[in-house]
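A.B. asks: My questions all concern the structure below.
The values are calculated or read from the model by the stated rules, or taken from the named source; none is laboratory data. The structure displayed is predicted, hence computed values, not measured ones. Neighbour counts are summed over all protein chains in view; Cβ atoms, including those assigned to glycine, are modelled from backbone coordinates with ideal geometry. Accessible surface is based on the protein model in full, side chains and every heavy atom, while ligands, DNA and RNA are left aside. Shrake-Rupley method; radii C 1.70, N 1.55, O 1.52, S 1.80 Å.
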Amino acid sequence: MQAFANTVVTLRFKLFDASNTLIEETGDEPIAYLHGGHSGIFPKVEQAIADKGAGDTISVTLEPVDAFGEYDANLIRVEPVDTLPKDIAEGGYVVAEKDGEEVVFRVTNIAEGKAMLDGNHELAGQRLRFDATIVDVRPATAEEIHHGHVHGAHGHHH
């Protein structure tokens, strides 16, 4: 079966940065997503997977706009440590509100009673390469289509 709208695609992937350093991979457990514009995977990757089947491979270069966006200096904040949760630590995360939206900020530095918070994704501004092998393609269930995501093995569990 080929990947087309409302099929469940199971794949193994490796994600590399611009210097060809492995950033992330699926390891032993593949991932599954609902194909067809349900926001389960980067759109450019989904386009490359369209009409492919089990055993096929893809390699897609993702510019920042195709992946985690451009780095936005406006998403950097410096906050007094005493206004943040007591367990704050470098490398940790703080959820805050910015312009009426919930934003997850990464704590990048703590010094002199202040914490530097970065609301950018850690891979924002980077060109990436997404290599994948399709493990399986199956029809999605009516419930998966209705919910807009995969249920069961390798997918979402309710």
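A.B. asks: Please go through the stretch 91-111 and give me each residue that is charged (D, E, K, R) and at pLDDT 95 or above, ordered by number.
C.D. replies: Of everything in the stretch 91-111, just one residue is charged (D, E, K, R) and at pLDDT 95 or above, namely R106.
A.B. asks: If you check V9 against the conditions, is it at pLDDT below 95 and either at positive phi or of a type outside the set (G, A, S) (or both)?
C.D. replies: So V9 does not fit the description; no.
A.B. asks: Within the stretch 127-145, can you find the residues that are hydroxyl-bearing (S, T, Y) and open to solvent by less than 20 Å² (accessible area, probe 1.4 Å)?
C.D. replies: Start the filter on the stretch 127-145 by keeping residues that are hydroxyl-bearing (S, T, Y), which leaves 133, 141.
Residues satisfying the conditions do not exist here.
A.B. asks: When the residues of the stretch 39-73 are narrowed to those that are open to solvent by 70 Å² or more (accessible area, probe 1.4 Å) and acidic (D, E), which ends up farthest from V150 (Cα to Cα)?
C.D. replies: E70
A.B. asks: Next question. It is to be established whether one or more residues within the stretch 146-158 are under 20 Å from the mean Cα position of the chain (by Cα), free of Cβ contacts under 8 Å to residues at least 40 places away in the same chain and either farther than 27 Å from L34 by Cα or buried (at least 16 other Cβ atoms within 10 Å of the Cβ) (or both).
C.D. replies: Taking every residue of the stretch 146-158 in turn, at least one turns out to be under 20 Å from the mean Cα position of the chain (by Cα), free of Cβ contacts under 8 Å to residues at least 40 places away in the same chain and either farther than 27 Å from L34 by Cα or buried (at least 16 other Cβ atoms within 10 Å of the Cβ) (or both).
A.B. asks: May I pose another question? Counting only residues that are under 16 Å from H121 (Cα atoms) and of a type in the set (G, A, S), how many does the stretch 76-105 have?
C.D. replies: The total comes to 3.
A.B. asks: Could I ask something else about it? For the stretch 1-30, enumerate the residues that are open to solvent by 60 Å² or more (accessible area, probe 1.4 Å), under 22 Å from E63 (Cβ atoms) and outside any loop (DSSP other than H, G, I, E, B).
C.D. replies: K14, L22, I23, E24, E25
A.B. asks: Would you confirm, using the coordinates I've provided, whether A124 is open to solvent by less than 40 Å² (accessible area, probe 1.4 Å), at pLDDT 95 or above and of a type outside the set (S, T, N, Q)?
C.D. replies: Yes; evaluated as a whole, the condition is true for this residue.
A.B. asks: If you scan the stretch 121-149, which residues turn out to be hydroxyl-bearing (S, T, Y) and in a loop (DSSP other than H, G, I, E, B)?
C.D. replies: Result: T141, single match.
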